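The values are calculated or read from the model by the stated rules, or taken from the named source; none is laboratory data. Note that the coordinates shown come from a computational prediction; the quantities given were computed from them, not determined experimentally. Positions of Cβ are generated from backbone atoms using ideal geometry, with glycine treated the same way; all protein chains shown enter the neighbour counts. Note: areas computed on protein heavy atoms with side chains; ligands, DNA, RNA excluded. Shrake-Rupley method; radii C 1.70, N 1.55, O 1.52, S 1.80 Å.
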Amino acid sequence: MFYGSSITHGASASRPGNDYISILSRWISTDVLNLGFAGNAAGEPAMAEYIASLPATAYVMDYDFNAPTVEHLERTHYPFYKILREKNPDTPILMLSRPPFEYSAEAPARREVVRKTYLRALSEGDKNVAFIDGETLFGKRDRHLCTQDTCHPSDLGFYRMAKRVYPILKALLNK
């Protein structure tokens, strides 16, 4: 189950099926529930409660872009994770920070919020959690080709995201 922004939704893919979640669904050979909301997934506790109530083999938290400020992300990210974890103690949780890193002065601070949630989860004994630094999602070469508008991934960007997420998500699912 994926929860996040318009990037999660698949905005700017040239056609349905070219977003990173659809690619992952095919590579892992499983159905996915994509709860990507353009501008509206901001880590609300009610949404965390709802998502936690749905059966899932893994949760992917990818809503960094929709948190209106770094402070909002700080207030919501760990509590969102905690709600998922309390209701689903053994379900893997993967956390991502935003991919088009170089276009936002706030990106390093946002990454740090997501990373702190991950590190806190580890320190609390959670062994079914992982973190992917958004700066690594597009790779190093030709990053400028990976977005349509410095925000939403192009097909190349989505493909590179899927390539980066796949081994980590697969490892979580195989635990």
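What nm value, rounded to one decimal, do you get for the distance between Ile28 and Glu106 when each label is placed 7 Å out toward the C-beta?
Output for this residue pair reads 2.8 nm.
Of [x] -0.35, -0.62, -1.26; [y] -0.26, -0.48, -1.17; [z] -0.41, -0.70, -1.27, which is the value of log10 I(q)/I(0) by the Debye sum over Cα atoms at q = 0.09, 0.12, 0.18 Å⁻¹ derived from the coordinates here?
[y]
Say we join alpha carbon atoms closer than 10 Å with springs in a Gaussian network model of the chain; which of Asp142, Asp126, Asp31 then has the biggest fluctuation?
Asp142
Among Thr147, Thr91, Thr30, determine the one that fluctuates most according to a GNM of the chain built with springs between C-alpha atoms less than 10 Å apart.
Between Thr147, Thr91, Thr30, it is Thr30 that shows the largest mean-square fluctuation.
What is the dipole size for segment 32-175, taken about its Cα centre, with +1 at each Lys and Arg Cβ and -1 at each Asp and Glu Cβ, in debye to the nearest 20?
Magnitude of the dipole: close to 520 debye.
Taking only protein heavy atoms and a 1.4 Å probe, what accessible area per residue, in Å², does the chain have with all protein chains in place?
Ligands and nucleic acids excluded, the result is 47 Å² per residue.
Working out 0.36 nm times the residue gap between Asp149 and Asp133, then minus their Cα-Cα distance, what length gain in nm do you get to one decimal?
Once the chain is fully extended between Asp149 and Asp133, it gains 3.7 nm.
For the chain, which whole percent of the accessible surface, found with a 1.4 angstrom probe, sits on carbon and sulfur atoms?
53
What FRET efficiency comes out for Glu44 versus Asp142 if R0 is 45 angstrom and r is the Cβ-Cβ distance? Round to the nearest 0.05.
Using R0 = 45 Å, I get an efficiency of 0.80.
List the lysines whose alpha-carbon lies under 19 Å from that of Lys116, not counting same-chain residues fewer than 8 positions away?
List returned: Lys82, Lys127.
Counting only DSSP beta bridges with both residues in segment 1-160, what percent are antiparallel, rounded to the nearest 5?
About 5 percent, rounded to the nearest 5.
Once you list every other residue whose beta carbon is under 15 Å from the beta carbon of Gly17, what net charge do they have if Lys and Arg are +1 and Asp and Glu are -1?
So the environment of Gly17 carries a net charge of -1.
To the nearest 500 deg cm²/dmol, what mean residue ellipticity at 222 nm is calculated for the chain from DSSP H runs of n ≥ 4 alone, each contributing -39,500 (n - 2.57), summed and divided by the residues?
That comes out to -14000 deg cm²/dmol.
Quick one: net charge of Ile83's neighbours, Cβ under 11 Å, K/R +1, D/E -1? Walk me through the numbers on the way to the answer.
Numbers: positive: Lys82, Arg85, Lys87; negative: Glu44, Glu49, Glu86.
Combined, the nearby Lys, Arg, Asp and Glu give 0.
For a quick check, take a GNM of the chain with Cα springs below 10 Å and name the residue from Gly17, Gly43, Gly134 with the largest mean-square fluctuation.
With Cα springs under 10 Å in the chain, the top fluctuation among Gly17, Gly43, Gly134 is at Gly17.
Give me the number: length gained by fully extending Arg115 to Leu54, i.e. 0.36 nm times residue separation minus the C-alpha to C-alpha distance, one decimal in nm.
Between Arg115 and Leu54, full extension yields an extra 19.4 nm.
Taking the dipole about the Cα centre of the chain, with the C-beta of Lys and Arg at +1 and of Asp and Glu at -1, give me whichever of Asn66, Thr150, Leu172 is farthest to the positive side.
Working it through, the farthest residue towards the positive pole turns out to be Leu172.
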